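Engineer: Got a structure for you, questions after.
The values are calculated or read from the model by the stated rules, or taken from the named source; none is laboratory data. The structure displayed is predicted, hence computed values, not measured ones. Using ideal geometry, Cβ is built from the backbone for each residue, glycine included, and neighbour counts are taken over all protein chains shown.
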Amino acid sequence: MFKFIRSCTVCHNTKSLVDCSNCPNTSFCKEHQNTKTHKNLCSLFKLCFDLDVAFMKSKRIVPKVTVPLNTNKIFLPYNMQTFINSYWRETETLFKLWQYNIAYISEYLTRPLTLLFALEKLQGYENSDMIVHVIGANMMEVDGFEIWEIVLHWLPYLKSLKIVLIGPELSWGTLIQDVCNYCLQKGKNFSIDICGALYAEYECSKQFIKPNVIIGFNTGIHECIDIDSKTDTWAASIRIIAKQNCPLILTSYTFHETQQEQERLKTILRRNIPCKYSFKNPYSSLRPHRDYETEGVYYQNGYVLIYSHLNVIHKEMGKNDSKQYLN
């Protein structure tokens, strides 16, 4: 009610309104009742509202890692839904409705599973140590950091996992996570460094550790219009990220944003960059959120870009190339 003004969902008229009988988020003027556009979104809007209310009433608890420790290399299930159905039990839930639990659990799982999905697309990961830089991080990445232990469970050769959260909204610190008994028996360990800085600043600090992979969740690199202006915090960081010569994974809410992210990387680095994967993320969150801009819904990490690295010149860009999208 406070986020979206009560108005007609089609023409935004605020007079003589009739509310939708199913979802409490939508109203119509007399001319636009029962519009087909809303029928396609009605059930999702209702779920958005019900989940908002349910989450406000419940205590925020990080789901327990119930994924077994893999001893051999296996592939991820088809998508987030099948992963949850395969590895989470209904007895370990917060809400009576299983649909609510799936949405809740997926909000935590989407980050580590998106990483694992990207690594599969990059032909897997068999090193014993992994350092992951999470760029543009905020408190959403800090909340539920324990769930990253899934990566240790899923990759049989991995012994040591360090997640480095990097973002100006954070403070500085280190979190040592107590792993499960199975991980202890296998000599596996997991820690998180938190760095309250831009990536360009972090790279110059004493705390800098070279990454094996870099990932950014819903970073919105394209949102600043003036590249290299005082308000642009990304251009200098992207150039330094390119020099790390490791995989880069970026998620976004929509496919259009994914295209904009690709375009912005090309513009900053002044070259075409081969993209390994650019499509819908099968491990996006399953919790819908109302979208202010499109008036539809979006999902955390809805789409994903996967680059093997940025530090390869595929084709130098000319002055007229900046408006071309990669396929």
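Engineer: Among the helices (runs of 4 or more DSSP H) contained in the stretch 80-186, which hold 3 or more residues that are buried (at least 18 other Cβ atoms within 10 Å of the Cβ)?
Structural biologist: Values: elements: 80-87, 98-121, 139-142, 149-154, 181-185.
Once the helices (runs of 4 or more DSSP H) in the stretch 80-186 are filtered for at least 3 residues that are buried (at least 18 other Cβ atoms within 10 Å of the Cβ), what remains is 80-87, 98-121, 149-154.
Engineer: Determine whether the stretch 290-305 contains at least one residue that is at pLDDT 95 or above, crowded, with 18+ Cβ neighbours inside 10 Å, farther than 24 Å from Leu47 by Cβ and not aromatic (Phe, Trp, Tyr).
Structural biologist: yes
Engineer: Inspect all residues belonging to the stretch 152-172 and state whether any of them is over 21 Å from Asn245 (Cα atoms), hydroxyl-bearing (Ser, Thr, Tyr) and more than 23 Å from the chain's Cα centre (by Cα).
Structural biologist: Taking every residue of the stretch 152-172 in turn, at least one turns out to be over 21 Å from Asn245 (Cα atoms), hydroxyl-bearing (Ser, Thr, Tyr) and more than 23 Å from the chain's Cα centre (by Cα).
Engineer: Does at least one position in the stretch 29-39 carry a residue that is within 29 Å of Asn101 (Cβ to Cβ) and either of a type in the set (Asp, Glu) or at pLDDT 75 or above (or both)?
Structural biologist: Restricting attention to the stretch 29-39, the residues satisfying the condition of being within 29 Å of Asn101 (Cβ to Cβ) are 38-39.
Next, only the ones that are either of a type in the set (Asp, Glu) or at pLDDT 75 or above (or both) stay: none.
No: zero hits.
Engineer: Still on this structure, I have one more. From the list Arg264, Arg271, Arg287, which residue is buried (at least 16 other Cβ atoms within 10 Å of the Cβ), modelled with pLDDT of 85 or more and under 30 Å from Leu47 (Cβ atoms)?
Structural biologist: Arg287
Quick grid of which residues meet (1) among the small types (Gly, Ala, Ser); (2) under 28 Å from Gly173 (Cβ atoms); (3) part of a helix (DSSP H, G or I):
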{"site": "Lys210", "(1), (2), (3)": "no, yes, no"}
{"site": "Ile214", "(1), (2), (3)": "no, yes, no"}
{"site": "Thr219", "(1), (2), (3)": "no, yes, no"}
{"site": "Ile225", "(1), (2), (3)": "no, no, no"}
{"site": "Asp228", "(1), (2), (3)": "no, no, no"}
{"site": "Ala236", "(1), (2), (3)": "yes, yes, yes"}
{"site": "Thr251", "(1), (2), (3)": "no, yes, no"}
{"site": "Gln259", "(1), (2), (3)": "no, no, yes"}
{"site": "Gln262", "(1), (2), (3)": "no, no, yes"}
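Engineer: Here is a further query. Count, please, the residues in the stretch 138-166 that happen to be over 21 Å from Gly124 (Cβ atoms) and at pLDDT 95 or above.
Structural biologist: Final tally of qualifying residues: 3.
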